[in-house]
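Quick notes on the structure that follows.
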Amino acid sequence: MITQKIIKFTLSTFFVMMLLILPVNSTNNVNVFNNSESYPANSIWIEPSRLIINDEGDKFNVTIWINLTQNSFAWQIKLNFNSTFFNATRIGYTNGNRSQFFSEYSTIPIIPKINNENGYILHGETLLGSDKRSSGCGSLIWVEFKLVNASLKNTLTLDFSLPYGVDTFVLSPYLDIIPLDSIKGAEISLPSDSLFLLYIVILILIVIITGSAFIIFIIMRRKKRTENHE
C-alpha cells in the first residue's frame, strides 16, 4: 500500500515538473482574421502584442490591425525590428490579394519590401479612383518572423516607424493624413538566464525526488521481505 502511494507520488511530481518546463506560449499559430485585442479609434496595433520565443529557428506571425472613425483611402506601414535577433521571412495581405480592411473594395496592391539588413518591412495599399472605405475595424497585413540569434537574452520590440505621417500613415479620401490616437507595437521576450537556471533547478529536483522515491521503494521492499521471512 505504501509502495503504491510512493509510486503515485513520484509519477505525479514528475508530470507536474514537466509541465513547468514545457513552454506555455504558442508562437506559431496566429489567427489573422479574428482579433483578440482592441483599441479605440483612431489606432493601429500589432497582435499579439506580447510573445515568448524559445529557440533559434522558431518562427512566429504577427498581424497589423486598424480601427478608424472616419473614411479612408490608403495606408502604408513601416515596421521596424532588430535584425540582429530575428528576420522577416514572409509577408502578405490578410485577405488574399488585398487586406481584410479593404476586402469589399477595388484596390491597388503594393509589392511589399523586406529589408533584413536594416531591419524593417514596408507595405501598403490604396483604393481606386474616388472610392472610399467607411469607418470601421479590420486587419491589414500579416508578417512572419524567424528568430536567428538568441545569444543575448532580453526583450525586443516590433515598432511602427516614427514620426507618424512619414513612412507609416493612413490617408483620407482627400489624401490628408488621418491622425491616430494610438499606435501600439509588440513586445518579444527571449528566454532569460534566470529562466534557464530555473529549468536546471527543476531538473535537479526531479532527479532528487525520483531518486529518493526509488530508495524508499527499495527499503520498503527489503523490509517487507524481512517480515515475510520472520
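What follows is calculated from the coordinates using simple rules that are stated; it is not laboratory data. Predicted, not measured: the structure shown is a model, and the values here were computed from it. Positions of Cβ are generated from backbone atoms using ideal geometry, with glycine treated the same way; all protein chains shown enter the neighbour counts.
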Partner aspartates and glutamates whose C-alpha sits under 14 Å from that of LYS132, ignoring same-chain residues fewer than 8 away, are GLU104, ASP176
Of the residues ASN115, ASN67, PHE85, the Cα lying farthest along the dipole of region 31-191 towards its positive end, which is defined by charges on the beta carbon of Lys, Arg, Asp and Glu, belongs to ASN115
Taking 0.36 nm per residue of separation between SER135 and VAL148 and subtracting their Cα-Cα distance, the length gained on full extension comes to 0.8 nm
Expressed in angstrom, Rg and Dmax over the Cα atoms of region 55-203 are 17.9, 64
With R₀ set to 35 angstrom, the calculated FRET efficiency between the beta-carbons of ASN82 and SER38, to the nearest 0.05, is 0.80
